[in-house]
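Take a look at the structure set out below.
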Amino acid sequence: MRTISHWRLLSGLLLLLAGRAQAQITPPAGPATVPAAKPAAAPPAAPDQQPAADSARAARWSLHFQQTVITQWHANFTAPYSADYSLQPREKAKTSLTSTLFIGRRLWRGGQVVFNPELAGGSGLSAARGVAGFPNGETFRIGSADPKLYLARLYLRQVWALGKDEAPAADAPNQLGGPAPTRFLALNVGKFSLADYFDQNSYSHDPRSQFLNWSLMSNGAWDYPANTRGYTVGAVVEYVTPAFALRAATSLVPTEANGPILDKHYGTAHSETLELTRAYHLAGRAGTVRALGFRTVAGMGDYRAAAQRPDRDLTLTRVDGRTKTGFGLSAEQELTDEVGLFGRLSWNDGRRETWAFTEIDRSASLGLSSAGTRWRRPDDRLGLAVVANGLSQPHRAFLASGGHGFIIGDGQLRYAPELIGEAYYSFNLPRQHATISPDYQFVLHPAYNQDRGPVHVLALRLHVAF
């Protein structure tokens, strides 16, 4: 790729800055590094309980770094027809890269500011088009593969303790080490990703260390508000106790479907999210259930109206103030000390244009995650999951008429649910603060089309974190 020298220069600069800062600003609360992969398969005993740290002293700074490189390829597959928004039946491997600095600074009691500059480049298969449950969660739907440095997060977090009980919190990305209340109220205001707070499934959430597929990152039918790169501006309120947590958010949405610019006309364009998290124990094993609801207001197009137009142009049916509503259920259950089970079920009304995430109106997933303790690799991870994605009747009729959204549209459609299976194995390399993960995905009926596929997708992921 002609931009590879730029990649090396910019990512090397971030690595250098991170290394110097880590040497100069060492948080007093515990070690300055964290494992590259998420810890053991078991979820916490209570929602959002802070992980234990080696020290209870309050840290003034937190500094971490991550870099993820993913190369992905699919075998040739049968496709009697294709269009501009189809997964191409033959193409070369594609590579994506992200590098992030996580900087946190304590301002006063309970207050901190978070700043995350991020570098991203590369591209997904077929320009990240042609599969609703797209197989690489680290790539974006952007026109240029050139790496770009941008602001991912900049927000203020204020925590008010609601009792005297405290537990030590580990120094982690965007989390300061030191004593933290077990019952608290928190307010987060600024730029962030809503996925930082909602649907935090322990086994299936982070494409940098877990499953790669978009519909395994969160509830597939949650059209969560974000710009093209996955970030928004807004406010999140959290009420957290050892037994349950309640979160509510209001945030901006993009000016157009999957657009890079957020709409500042809050009166006619905004999104609200509400989630209740409940911890429990089943046969002495920890589990967590999450119930999420959302409502988005934006200038969306209407699928029925677009299907009746001669040009099938969805953008010409957009009207300000239209709404999209939906819900998601997520559960995780520890089965043994090494193995955990998870599942999700989500739905949205599917009448109006998908605005931010991906073209999924119904989704169900089930999977397992295991540590490698039985084969003497306790820090390795093995993951297996299956997903079924679906569309509303107006959405599928629109695609069948020849229309397209911002991620799928083959020019015609013989509808069937999009079925995906994924398996990954993460080799932990502790001395390098890294993991290497081969990944395989099987996609049946890509973009809900019985006439195309199936598709076999292979990937190799390198993730460095400290």
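Evaluate region 162-182: report whether one residue or more is hydroxyl-bearing (Ser, Thr, Tyr) and more than 23 Å from VAL455 (Cα to Cα). For region 162-182, residues hydroxyl-bearing (Ser, Thr, Tyr) and more than 23 Å from VAL455 (Cα to Cα): present. Can you spot a residue in region 99-115 that is part of a strand (DSSP E or B), at pLDDT 95 or above and closer than 30 Å to ASP361 by Cβ? No. Of all residues in region 384-396, at least one satisfies being surrounded by 23 or more Cβ atoms within 10 Å (Cβ to Cβ) and outside any strand (DSSP E or B). The conditions of being over 18 Å from ARG153 (Cβ atoms) and either in a strand (DSSP E or B) or in contact (Cβ under 8 Å) with a residue 60 or more places away in the chain (or both) are met by ALA279.
Let's see how each residue does on (1) more than 9 Å from the chain's Cα centre (by Cα); (2) not hydroxyl-bearing (Ser, Thr, Tyr):
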position: LEU176; (1), (2): yes, yes
position: ALA186; (1), (2): yes, yes
position: GLN200; (1), (2): yes, yes
position: PRO207; (1), (2): no, yes
position: GLN210; (1), (2): yes, yes
position: ASN213; (1), (2): yes, yes
position: SER218; (1), (2): no, no
position: THR228; (1), (2): yes, no
position: TYR231; (1), (2): yes, no
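Would you confirm, using the coordinates I've provided, whether ILE420 is buried (at least 24 other Cβ atoms within 10 Å of the Cβ), among the β-branched types (Val, Ile, Thr) and not in a loop (DSSP other than H, G, I, E, B)? Taking the combined requirement at face value, the residue satisfies it. So which residues in region 296-324 are in a strand (DSSP E or B) and exposed (fewer than 14 other Cβ atoms within 10 Å of the Cβ), if there are any at all? If the condition is that a residue be in a strand (DSSP E or B) and exposed (fewer than 14 other Cβ atoms within 10 Å of the Cβ), then THR323 is the only one that fits. Restricting to region 249-270, give me the number of residues that are touching a residue at least 12 places away in the same chain (Cβ under 8 Å), part of a loop (DSSP other than H, G, I, E, B) and either under 19 Å from THR139 (Cα atoms) or not small (Gly, Ala, Ser) (or both). Residues that pass the stated criteria total 13.
Out of all the residues in region 128-136, is one or more assigned to a strand (DSSP E or B) and surrounded by fewer than 18 Cβ atoms within 10 Å (Cβ to Cβ)? No: zero hits. Scan region 440-460 and give yes if some residue there is surrounded by fewer than 18 Cβ atoms within 10 Å (Cβ to Cβ) and in contact with a Ser or Thr (Cβ under 6 Å, 6 or more places away or on another chain), otherwise no. Yes.
Residues in region 76-107 that are out of contact with any strand residue (DSSP E or B) (no Cβ under 8 Å at 6 or more places or on another chain) and not polar (S, T, N, Q): 4 in all.
Among the residues making up region 325-355, those that are surrounded by 24 or more Cβ atoms within 10 Å (Cβ to Cβ) and under 21 Å from the mean Cα position of the chain (by Cα) are GLY328, SER330, GLU332, GLY340, PHE342, ARG344, SER346, ASN348, GLU353, THR354, TRP355. When the criteria are applied in full, LEU368 fails the requirement of being at negative phi, under 17 Å from the mean Cα position of the chain (by Cα) and in a strand (DSSP E or B).
The values are calculated or read from the model by the stated rules, or taken from the named source; none is laboratory data. As the structure is a prediction and not an experimental result, all values here were calculated from the model. Cβ atoms come from the backbone with ideal geometry, glycine included; neighbour counts cover every protein chain shown.
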